[in-house]
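Here the structure comes first, spelled out in C-alpha cells, and everything after it is commentary.
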Amino acid sequence: MTNLVHLNALRALEASARYQSFSAAAEELKVTPAAVGQLVRTLEQWVGAPLFYRKTSGKARLIATENTKLALPDIRAGLDKLGLGLDKLQAGSDSGVLTVTVSPAFAAKWLLPRIDSFQSSWPDIDMRLDISAKSADFALQAVDIGVRYGAGDWSGLISEKLMTEDVYPVCSPQLLKQTGGVDLTQQTLIHDLSMTDYSGLPSWDEWLKKAALTAVGLTEIDTSRGMQINNSAAVLQAVINGHGVALARSVMARDDLATGRLVRLFPEIEFVSSLAYYVVYRPESASIVKLQAFRDWLFTQASTDDSFEIIKNVDNAGGIEQVIKNI
C-alpha cells in the first residue's frame, strides 16, 4: 500500500504511454504538460531507471521502454479497479451520475423521446450521455451501461438482447400522395451507410430478392443509384422530407410510423434483421444500483414498444389504411 503514494504518477505514466506525449496526457488529466513530466520523472527516480525514450521530433515524442511495456497492463488493470471501487462506493445509493453510451441514431429516434420517464422515476440519478458512432471503451471512459447494435458479442461486456427488428421500405405520406402509387422503379432509393461495417444488415438487393420470393413483382430496380447517408436518423428524416424511399429499421422508425410521418410499404413482406439491440455493461458493474435501475427501465420500455403492432397498408391507388393493434 505504500506504493500508492505514486498513484498520480502512475496515472501520468499510463496516459503518457497511451498518447506517446506529455501534452496529450496533460489535456486528458487536466494538468499542465510540465506537471505530467515531473510526475513521470518522480516515478523514474523511484524505479531507478528511465520509463520512456525521449525523442525531440515527430508526432510520437515518447517511446515506452520494454520495462514500461511489461508493467502497463497491470497498471491499467489496477487503475480500472480503483475506478470501479469508487463506483461501488456509490452503489449503495440510488443517486449519482450514470454514464450511458448510445449511437446518435438510437439516441435521437428511441432513447431521448422516452428518457423523461426514467428521470421522473429516478430523479436523484444524473445522466451523462456519451453519444457516438464509435464503440466506447467502458473502462477507459468510465461508462456504466450502453445500448449497442450488432450480433451481441463484445469482449469483456455482458450483453443482453433488448430488441430485434424488421426491415422494410418506408416513404412519406406526401410523396405517396404526389406519386399516386408505390412503383419503386420511379422512386429515389435512399441507402443507409451507417452500418456498412456490420455483416447481416439487409440491403436493398437482399430485400428485393425476398420481395421476389413473395411474388410482389418488383423487378428492374437499379439499386446502385440513389442517395447515400451515413446516419440512420438522417435517413429517416430525408424520407420524411419526401426525398425518396428508404429501407427502415423498425426500432428506428416505430415512432414516425405511429405519428404518421412515415408510411410502411409492402407490409406483407417480413424481413427480420439478424442484428439486434443489446444492453451492455461490465460484469464488475452489474450490482451498481443506478445501472440496474436503467437496465430494468430499458427492458420495460422495449416490452411496451413490443405490445403494439403498427401496420400501414397501401393500395394501388396510393391510399393509406393505418391499423394500430394492441397485442
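The values are calculated or read from the model by the stated rules, or taken from the named source; none is laboratory data. Note that the coordinates shown come from a computational prediction; the quantities given were computed from them, not determined experimentally. Positions of Cβ are backbone-derived with ideal geometry, glycine not excepted, and every protein chain shown enters the neighbour counts. The area values use the complete protein model at the heavy-atom level, side chains included, leaving out ligands, DNA and RNA. Shrake-Rupley method; radii C 1.70, N 1.55, O 1.52, S 1.80 Å.
Below, the figures for the structure above:
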quantity: Restricting segment 159-179 to residues that are in contact with a Ser or Thr (Cβ under 9 Å, 6 or more places away or on another chain) and of a type in the set (Val, Ile, Thr), the residue that is most open to solvent (accessible area, probe 1.4 Å); calculated: 164
quantity: Matching helices (runs of 4 or more DSSP H) fully within segment 1-81 where at least 1 residues are basic (Lys, Arg), open to solvent by 70 Å² or more (accessible area, probe 1.4 Å) and farther than 21 Å from residue 140 by Cβ; calculated: 33-47
quantity: Hey, residue 155 open to solvent by 40 Å² or more (accessible area, probe 1.4 Å), of a type in the set (Gly, Ala, Ser) and more than 21 Å from residue 233 (Cα to Cα) or not; calculated: yes
quantity: Flag if residue 241 is in contact (Cβ under 8 Å) with a residue 40 or more places away in the chain and either among the hydroxyl-bearing types (Ser, Thr, Tyr) or more than 30 Å from residue 83 (Cβ to Cβ) (or both); calculated: yes
quantity: Residue, most open to solvent (accessible area, probe 1.4 Å), within segment 110-135, restricted to residues that are aliphatic (A, V, I, L, M) and in contact with a strand residue (DSSP E or B) (Cβ under 8 Å, 6 or more places away or on another chain); calculated: 131
quantity: Every residue from segment 196-221 that is part of a loop (DSSP other than H, G, I, E, B) and either loosely packed, with under 13 Cβ neighbours inside 10 Å or modelled with pLDDT under 70 (or both); calculated: 196, 197, 198, 199, 200, 214, 215, 216, 217, 218, 219, 220
quantity: Search result, residues across segment 254-300 that are of a type in the set (A, V, I, L, M, F, W, C) and over 23 Å from residue 207 (Cβ atoms); calculated: 279, 280, 286, 288, 289, 291, 293, 294, 297, 298, 299
